[in-house]
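The values are calculated or read from the model by the stated rules, or taken from the named source; none is laboratory data. Remember, it's a predicted structure, so these values are computed and weren't measured experimentally. Cβ atoms come from the backbone with ideal geometry, glycine included; neighbour counts cover every protein chain shown. Note: accessible area is taken over every heavy atom of the protein model, side chains too, but ligands, DNA and RNA are not part of it. Shrake-Rupley method; radii C 1.70, N 1.55, O 1.52, S 1.80 Å.
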Amino acid sequence: MRYPLYTALAIALIAPAAIAPAASASATSIKADPAIAKAIADTGRSETNRARDQYRHPAETLAFFDVHPGQTVVEFYPGGGWYTEILAPLLKGNGSYVALAPERGVANTTAMLDRNKDRFGPVTIAAFSPTAPSTIAPGSADRVLTFRNVHNLIMAGDAVAAKAFADFYAALKPGGILGVVDHRLPEDKDTALEKKSGYIKRSTIIRLATAAGFKLAGESEINANPKDTHDHPEGVWTLPPTYKLGDTDKAKYAAIGESDRLTLKFVKP
């Protein structure tokens, strides 16, 4: 869970069109590449991060996005490096890991990668700008992945979000996959909640992706959490691991666990 990096822009959201469900997949129907399982089991991962596996299902999620060694994988805004601890070692010596960070997050991303350079090996850092051209070579990536970040883009404004998805599209090779995980806002909730709660609608993500040229290729309930009521006092940050309310009702929120999440897969035609 991450707080927004940009000052919100005063741009109205476009009303999404009705979209038919894509093919879905369950956690039990997906098997991870053995190399992914090995990277997840690596004791070099922090214990704090390993404790989150029960909520984030990295093996099934990366398998759903068809991630394998030998690929060039771009991760948009890795933050503290939860998925980086898996992806960078997975691709070390056989593939390429690219961290794409918002301009204001480049210094922190660089520091995180430097602290782990022996485990991660050579990595590439690129900056995302809401206005300047992308610094990633067009058509160079096999996968672009973003975990719990699209809500931040929406909170920054539709123009910022649209630019990010356009950059994702440009970076991918034809047939490349964009994988998105984010906190689910039910479709019957007020869209205005996307600007402050950390939750985002499926239709909003699909609108942004299709406007950039992507096709919805599938979706999964791997990261769904039916215990999440989506209506917490401090939005998604009420829940673990943030616990923004501190000790207030902490046991209640711990029992819910991490947020209910969408897992969507898009392809560049």
message = Can you find, within region 180-232, the residue that is most open to solvent (accessible area, probe 1.4 Å) among those that are acidic (Asp, Glu) and touching a residue at least 60 places away in the same chain (Cβ under 8 Å)?
response = 221
key: Meets criteria (acidic (Asp, Glu), assigned to a helix (DSSP H, G or I) and open to solvent by 10 Å² or more (accessible area, probe 1.4 Å)) for residue 167   = yes
request  = Might you check whether a residue that is basic (Lys, Arg), modelled with pLDDT under 95 and over 22 Å from residue 127 (Cβ atoms) occurs anywhere in region 46-57?
outcome  = no
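Only one of these is outside any loop (DSSP other than H, G, I, E, B) and on the phi < 0 side of the Ramachandran plot: 178, 245. Name it. Spell out the reasoning first.
Values: 245 fails: outside any loop (DSSP other than H, G, I, E, B).
Of the residues listed, the single one that is outside any loop (DSSP other than H, G, I, E, B) and on the phi < 0 side of the Ramachandran plot is 178.
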message = Of everything in region 50-90, what is open to solvent by 30 Å² or more (accessible area, probe 1.4 Å) and part of a helix (DSSP H, G or I)? Give them in sequence order.
response = 50, 53, 54, 55, 60, 89
inquiry  = Take the conditions more than 25 Å from residue 178 (Cα to Cα) and open to solvent by less than 20 Å² (accessible area, probe 1.4 Å) and apply them to residue 242. Does it pass?
reply    = no
